Every structure is written in C-alpha cells, then in structure tokens.
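Derivation of every value follows stated rules applied to the coordinates shown; laboratory data play no part. What you are looking at is a predicted structure, and each value in this text was computed from that prediction instead of being measured. Using ideal geometry, Cβ is built from the backbone for each residue, glycine included, and neighbour counts are taken over all protein chains shown.
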Amino acid sequence: MRTDLSGVHCSIARSMQVLHDAWGALILRDVFVGLTRFDQLQQDLGLSRKVLAARLDSFVVEGILEKRAYAEHPPRYDYVPTAKGAELFGVIAALMAWGDRWKADKAGPPARIRHDCGALATARVTCDQCGEPLLLETVATEAGPGGRLGPGTRMLGKLLSQRSKQARKTTPM
C-alpha cells in the first residue's frame, strides 16, 4: 500500500503523489518517446495490465495524459500528453541526465535526446532569471507562501521559515 502524500505541504511530495513510483516515470518516458497505446506500453514495460491501467487512469484523471480513441470496435485508445503532462518531460529528461552521468554502464547511455537544433542535448536545470545552473552550492531554499508545518514538513518548515527571515534582514532595499 502506498503512502498518501497529498496532505504534505511540499511540491515534491505532491508531484511524487502524481507520478506514483518509478513505473509512473517509465510510463511517461515511453509515452514521450511515442509508445502511446496500452498494448505497446504493456509489452515494453512488462508491467501487469492491472497496474498499467491504474497508472494510466490516474494520469488521465490528473490531466497528465489524454485518452484519444483510435478504434471503436473494440474501443482502443492512444494516451497522449496534455500541456500539463508535456511539462513533465523536463523532469524525466533531468532524471535521465543524472542516470546517464552516474548510472550508465561503460557502453554509454541507453538513449539520447536530439534537440530541434540538431545537437545531442542533455537536460540542465537553470535559473529562470540569469540562466546559470541551479546547483546545491549556489541556492538557498526559503519558505514559500503555501508552506505549512505538518506531516512531512515539521522540521523543514521551521528551517525554511528561519532562512526566509534571515534573507529579509540581509536583502538590501
């Protein structure tokens, strides 16, 4: 049984609630590459039909994927990313880049991404203001307006709140 993270006031917890688990990420990977039919996904992943159907249904309910009929008798569907779902590509690409760097075997990465410009690309998370990479040593996380103390954030919430107060004291007006 999965732990319900929907009550945790944390965007990471809420995002993982949508993805479910590694299978959720792999389903999205396959859909992003072009395997959009149930049978294709089931054959590629080897996931039980019950689990795959549940994950796909939850992605549809969440607005991550849309079901589009391609046959009426029997009813068959493609699962295609919505705008909301397409935004998850960057998350999957960032996981891929990390795995390529730290977990690929000696032969190299199992897949590559080619950008529209023609170059092979690696996902990189950058600051939306200055374009520099977001690195652990170059950022400070502060409390946001939706932060709350509670399950999953009891200690973190206090720490982030303290950092926000300190940042306000040191930020020039």
* Cα-based helix-to-principal-axis angle, 89-102 vs the chain, degrees rounded to 10 -> 80
* Long-range amide H contacts for L65: which residues qualify at under 5 Å (H placed 1.01 Å from N, peptide plane, sequence gap of 5 or more or a different chain)? -> V60, T82
* Asked: Quick one: longest stretch of the chain between exposed loop trypsin sites (Lys or Arg not before Pro), exposed meaning at most 14 other C-beta atoms within 10 Å and loop per DSSP?
  -> 3-102
* Asked: Amide H to amide H under 5 Å from A121: which residues, 5+ apart in sequence or cross-chain, H placed 1.01 Å off N in plane?
  -> I113, R114, H115
* Structure fact -> Note on segment 63-171: alpha-carbon gyration tensor, axes a ≥ b ≥ c; rule is a/c under 1.5 for rounded, else prolate if a/b larger than b/c, else oblate; result oblate
* Relative to the longest principal axis of the C-alpha atoms of the chain, give the angle of the C-alpha long axis of helix 154-170, reported between 0 and 90° and rounded to the nearest 10°. => 50
* Asked: Taking the Cα centre of segment 1-87 as the origin, how large is its charge dipole in debye, to the nearest 20, when only Lys and Arg (+1) and Asp and Glu (-1) carry charge on their Cβ atoms?
  -> 100
* **Relative contact order of the chain, pairs being alpha-carbon contacts under 8 Å that are 6 or more residues apart, as %** => 19
* Where GluC sites (Glu not before Pro) in DSSP loops with at most 15 other Cβ within 10 Å are excluded, longest remaining stretch of the chain -> 88-173
* For H115, H73, order by how many other beta-carbon atoms lie within 10 Å, fewest first -> H73, H115
* To do: Report, to the nearest 10°, how far helix 22-33 tilts away from the longest principal axis of the Cα atoms in the chain, using its own Cα long axis and a range of 0 to 90°.
  => 70
